[in-house]
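S.K.: Pasting a structure below so you can have a look.
The values are calculated or read from the model by the stated rules, or taken from the named source; none is laboratory data. Model, not experiment: these values are computed from the prediction. Every residue, glycine among them, receives a Cβ derived from its backbone with ideal geometry; neighbour counts consider all protein chains shown.
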Amino acid sequence: MSCIISQTKSTLPKLFLAPMQGLIDAPMRDLLTHIGGFDVCVTEFVRITHTIHGRSIWLKYMPELANNNLTQAGTAVAVQILGSDAENMALNAQKVVELGATHIDLNFGCPAPTVNQHQGGAVLLQYPDKIEQIVTKVRKSLPDKIMLSAKMRLGYENKDLALDCAQAIEQGGAEQLTVHARTKIEGYRPPAHWEWIGRINQAVCIPVIANGDVFTLADYQKIRAVSNCTDVMLGRGAIQCPDLARQIAAYNHGQVISALSWQEILPWINDFFNSCCDKAAEGSAYPVSRLKQWLGMLKLNYPEAGKLFTQMRTLTAVNQISQVLNQQLEESQNIV
Ligand SMILES: Cc1cc2nc3c(=O)[nH]c(=O)nc-3n(C[C@H](O)[C@H](O)[C@H](O)COP(=O)(O)O)c2cc1C
């Protein structure tokens, strides 16, 4: 496929932080972008049904709207919307743009049964025409300066329509496409089919962002080589290894940066817990459950996180958790 000059693919590698519902919200975006390496983050999906969401809902998903669409560390944030009613998607996109958003991402990949039953997310990958209709409607409703992108899986039950869906997204006027290299029914089962991202990349002119199963710098090098994409999105890899993006960015600048030690990670864990506490209402289970959730994933890279998790397993009060964290911090400072 030959692309006109204005649509040629970028050459400077960019790193995107994946949208992850229930896992990457504002405190996690702040943490990961402070550690560094990311160029753009995407919010958890905001589900669009029959109403136009008000300011409080948009701010709940994207508090960065009140900070010029930037995380505390200054990284750009896009807002992701999910739905099947083109008109309502467009009206909601307009609403969040009125509130200051400059980049809207459309979700065509969510595998959740509730979402799919309402004809949103991955289920739409069976109907490229419908996808094109949604993208076109949203694009036409927004000023030209607003960036519109989309994120898709390779299909619903099979990959037969993968290229048609990607082309529908491009035809509709999206300027960028992220591809998670699995179908809906493949869930998160390895392997991710990176070669399919390469096929899509060849079939469209808009930049394609490669996504799926990048857990190490070696995975990053391989997904780029196989897909021939410049840009990559990190999801679970960034949660399990919070400095993965920083290591990759250093590599892209010809530098080598050593991985964060457990002692270096501990203050970040404490900061994360404190920012979850700041966000939560008094007595809310949110800070404790988010911290435990993160430790459960961190332990895949840091065995110490597993030990900390065990120490906290039965604790539910914020002050008890703070005590354990402070004790850990003191001990680790003594070791240094
Ligand atoms: C818990 C969880 C929540 C997710 N939420 C979203 C979401 O809100 N929007 C979206 O487009 N993808 C979502 N995804 C998919 C991820 O963005 C990403 O495509 C997928 O995890 C594969 O990338 P990874 O192997 O780097 O994690 C979610 C994935 C997980 C595991």
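S.K.: What's the total number of residues in segment 77-87 that are out of contact with any helix residue (DSSP H, G or I) (no Cβ under 7 Å at 6 or more places or on another chain) and surrounded by fewer than 18 Cβ atoms within 10 Å (Cβ to Cβ)?
M.R.: Matching residues across segment 77-87 total 1.
S.K.: Looking only at segment 239-272, count how many residues are more than 24 Å from ILE206 (Cβ to Cβ) and in contact with a Leu (Cβ under 8 Å, 6 or more places away or on another chain).
M.R.: Within segment 239-272, residues that are more than 24 Å from ILE206 (Cβ to Cβ) and in contact with a Leu (Cβ under 8 Å, 6 or more places away or on another chain) number 15.
S.K.: OK, next. Pull up segment 222-240, narrow it to residues that are touching a residue at least 12 places away in the same chain (Cβ under 8 Å), surrounded by fewer than 24 Cβ atoms within 10 Å (Cβ to Cβ) and more than 10 Å from the ligand (Cβ to nearest atom), then point me to the one that is farthest from PHE16 (Cα to Cα).
M.R.: Applying the filter and picking the extreme gives VAL226.
S.K.: On to the next question. Quick check on my filter: what residues within segment 137-179 are surrounded by fewer than 24 Cβ atoms within 10 Å (Cβ to Cβ) and in contact (Cβ under 8 Å) with a residue 40 or more places away in the chain?
M.R.: The answer is LYS137, LYS140, SER141, LEU142, PRO143, LYS145, ILE146, MET147, LEU148, SER149, LEU163, GLY172.
S.K.: Can you find a residue in segment 39-49 that is within 16 Å of the ligand (Cβ to nearest atom), out of contact with any strand residue (DSSP E or B) (no Cβ under 6 Å at 6 or more places or on another chain), in the same structural domain as THR178 (by TED's automatic domain parsing) and of a type in the set (Asp, Glu)?
M.R.: yes
S.K.: Could you tell me whether any residue of segment 161-173 is assigned by TED's automatic domain parsing to the domain that holds ARG199, under 24 Å from ASP213 (Cα atoms) and under 18 Å from the mean Cα position of the chain (by Cα)?
M.R.: No, that holds for no residue.
S.K.: Limited to segment 182-205, what total is found for residues that are closer than 15 Å to GLY121 by Cα and either within 14 Å of the ligand (Cβ to nearest atom) or in a strand (DSSP E or B) (or both)?
M.R.: Final tally of qualifying residues: 5.
S.K.: Here is a follow-up. What's the total number of residues in segment 36-67 that are in a loop (DSSP other than H, G, I, E, B), within 17 Å of the chain's Cα centre (by Cα) and either over 30 Å from ALA259 (Cα atoms) or small (Gly, Ala, Ser) (or both)?
M.R.: Total satisfying the criteria: 2.
S.K.: Just one of (1) within 13 Å of the ligand (Cβ to nearest atom); (2) under 24 Å from PRO287 (Cα atoms); (3) of a type outside the set (D, E, K, R); (4) touching a Lys or Arg at 6+ places or on another chain (Cβ under 7 Å) trips up TYR61, so point out which.
M.R.: It is condition (4) that TYR61 fails.
S.K.: When you go through (1) within 15 Å of the ligand (Cβ to nearest atom); (2) touching a helix residue (DSSP H, G or I) at 6+ places or on another chain (Cβ under 8 Å) one by one for LEU291, which number turns out not to apply?
M.R.: So the condition that LEU291 fails would be (1).
S.K.: Then there is this: Out of GLY212, GLY283, report the one residue that is on the phi > 0 side of the Ramachandran plot and at pLDDT below 95.
M.R.: Going through GLY212, GLY283 in turn, the sole match is GLY283.
S.K.: A follow-up question, please. Here is a check on your reading of the model: is ALA78 among the aliphatic types (A, V, I, L, M) and more than 20 Å from GLY22 (Cα to Cα)?
M.R.: no
S.K.: Determine, yes or no, whether LYS299 is more than 16 Å from the ligand (Cβ to nearest atom), in the same structural domain as VAL324 (by TED's automatic domain parsing) and basic (Lys, Arg).
M.R.: Answer is yes for this residue.
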